[in-house]
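Since every read-out is calculated from the coordinates, none of them should be taken as a lab result. Predicted, not measured: the structure shown is a model, and the values here were computed from it. Please note: Cβ atoms are built from the backbone with ideal geometry, for glycine as well, and neighbour counts cover all protein chains shown.
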Amino acid sequence: MVNELDATLAALAEPTRRRVVELLRERPRRASDLATGTGTSAPAMSRHLRVLRSCGLVEDERLGHDARVRVYRLCPEPFAALRAWLEEVQAFWTDQLGAYQAYVEQTRGGNRP
């Protein structure tokens, strides 16, 4: 899972790929629509989509009438794994801050005249 999470975070570190994810959250789209929506060239979009596909964030489907045309959509699994990891990190910090708050309250209570 760590390697998959690393790949997901590396892919999402690039702003254009995050914009692609935002566009695909609205609805599945063709690569040309994604290139237009992000202001990138078709070859650049192809490279971004290759990265997103390789880590499983998006999948493509060929349209029946034209095998050259692909429609891209998000895959929920990597996002669920990312969310689970973020929830673990948040729980850690919530516990740490709670312990610190208890310590401060205990320390303040012991120093009162």
Charge context of Thr94, other residues only, Cβ under 15 angstrom, K/R +1, D/E -1: -3
Under the Karplus curve 6.51 cos²θ - 1.76 cosθ + 1.60, θ = phi - 60°, whole-Hz ³J(HN,Hα) for region 78-88, x wherever Gly or Pro sits: x, 5, 5, 5, 5, 4, 4, 5, 4, 5, 5
Around Ala42: net Lys/Arg minus Asp/Glu count, Cβ-Cβ under 13 Å: +4
0 to 90° range, to nearest 10: angle between helix 42-54 axis and the chain longest Cα axis: 50
Inter-label distance for Leu63 and Arg27, nm, one decimal - labels placed 7 Å from Cα along Cα-to-Cβ: 1.3
For Arg30, residues with placed amide H under 5 Å, excluding near neighbours: Tyr72
Long-range HN-HN contacts of Cys75 with modeled amide H, under 5 Å: Val58, Glu59
